[in-house]
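Laboratory data are not the source of any read-out in this text; all were calculated from the coordinates shown. Model, not experiment: these values are computed from the prediction. In this analysis, Cβ positions are derived from the backbone assuming ideal geometry, glycine residues included, and neighbour counts consider all displayed protein chains.
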Amino acid sequence: MKAAVVGASGQIGGWLVHYLRQKGFSVVGSYANVAYSGLEYLDTADHEAARDWIGKHKASLIFYPAGWTWVDGCENDPKRARTANLEDPLNVALAGLEHQARFIYYSTDYIFDGTDGPNRETDLAKPLSVYGQVKLDAEVQISEALGDQFLCLRTAWVQGPERQGKNFTYQVWRNLSQGKTMVCPSDQASNPTYGPDLAKVSVDLALAGEQGIWNVAGPDLWARDELGRQIASHFGFDPSLIIGKKTAELNQPAARPLQGGLDTTKLEANYPKSLRPLHDWLTDFVVKCNDSRNSGTDLPITHPDALSGK
Ligand SMILES: NC(=O)c1ccc[n+]([C@@H]2O[C@H](COP(=O)([O-])OP(=O)(O)OC[C@H]3O[C@@H](n4cnc5c(N)ncnc54)[C@H](OP(=O)(O)O)[C@@H]3O)[C@@H](O)[C@H]2O)c1
């Protein structure tokens, strides 16, 4: 069986390639700007090239952990946000449909307004930001086009070891290891989600033929500043370097859900304990980073020290 991962150079994509190979898939993965060995170049904004790439590989499963994920950037450039997060994935999904491929898209709790989170799959979405709106529009339009060939995985605050070292855990490590303070919202809450677990259960859901919308997020909810302190303490840094401030004081261009997060009752009932809680994944984060540094394994990981100049 063959699978394609568009955005394999990203944090979710890297782990998807890893777990798909473990399941015996032949996997082709793409990058856009950050090349890693074994990945193929693909800019999904070039719709003809994207259709050709999908047509050439004819994968039966197409995972799409790609797009423009910078929420404030999207707020300032709605056209690019729409192209990258809706039109490009729709084009790829339609190209896959020509050979009956199933399409797996990643959406977000930012489609909700943060008044009554964590939200269920069936709750009414009410995005506050351009990013949230285009992700919701993508859910609707791809679903209309693909029907039961579409699997939409909503997730939140993805963390864990990754190659590009961009996520919040790396930001905490980088700042605090240099003795710098870090200002974090104290009134935005969601479920931090461990990237390797998310990728692993994504593969399970796809292989089981699941369709429609599934919330796939960590089992515990945290305010962002408290999450930062927990990460700091776990890694031996001074948690008081994390400074909590109210969202109203932060001047973030895009509005965020405050009481956000995803209710994972449906996932828990069908795929119990697929996602580890915070302290378990922090332990695994360290194990995976040390393993990869000590034994040079092919895990898609960069050790945070490497990004802190140590
Ligand atoms: N991270 C989160 O907390 C979170 C939460 C909810 C939903 N999601 C969704 O999950 C998906 C993946 O997120 P992530 O955190 O894994 O993102 P990420 O680490 O930033 O990776 C994004 C991937 O998309 C690729 N990409 C960007 N522009 C592209 C283009 N024009 N053509 C082809 N590929 C392109 C990137 O390639 P290069 O790096 O090589 O440029 C990278 O491989 C996104 O759809 C996001 O909306 C993420």
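Quick notes
- Here residue 95 passes the criteria (1) within 14 Å of the ligand (Cβ to nearest atom); (2) surrounded by fewer than 23 Cβ atoms within 10 Å (Cβ to Cβ); (3) within 20 Å of the chain's Cα centre (by Cα) except the one numbered (3).
- Looking only at segment 72-92, and only at residues there that are touching a residue at least 60 places away in the same chain (Cβ under 8 Å) and surrounded by fewer than 20 Cβ atoms within 10 Å (Cβ to Cβ), the one that is nearest to the chain's Cα centre (by Cα): 72
- Residue that is out of contact with any Cys (no Cβ under 8 Å at 6 or more places or on another chain) and farther than 30 Å from residue 257 by Cβ, where the choices are 94, 16: 94
- Among the residues of segment 74-81, at least one is of a type in the set (Gly, Ala, Ser) and either within 13 Å of the ligand (Cβ to nearest atom) or within 18 Å of residue 137 (Cα to Cα) (or both).
- Of the criteria (1) over 18 Å from the mean Cα position of the chain (by Cα); (2) more than 11 Å from the ligand (Cβ to nearest atom), which one residue 20 fails: (1)
- Criterion: small (Gly, Ala, Ser), away from the ligand (no atom under 13 Å from the Cβ) and either over 19 Å from the mean Cα position of the chain (by Cα) or surrounded by 15 or more Cβ atoms within 10 Å (Cβ to Cβ) (or both) - qualifying residue of 60, 30, 9: 60
- Selection count, segment 161-190, where residues are in a loop (DSSP other than H, G, I, E, B), crowded, with 22+ Cβ neighbours inside 10 Å and more than 10 Å from the ligand (Cβ to nearest atom): 2
- Put simply, of 218, 147, 117, 209 the only residue that is in a loop (DSSP other than H, G, I, E, B), over 20 Å from the mean Cα position of the chain (by Cα) and either surrounded by fewer than 23 Cβ atoms within 10 Å (Cβ to Cβ) or touching a residue at least 40 places away in the same chain (Cβ under 8 Å) (or both) is 209.
- When segment 150-187 is limited to residues that are polar (S, T, N, Q) and under 18 Å from the mean Cα position of the chain (by Cα), the one that is nearest to residue 217 (Cα to Cα) turns out to be 155.
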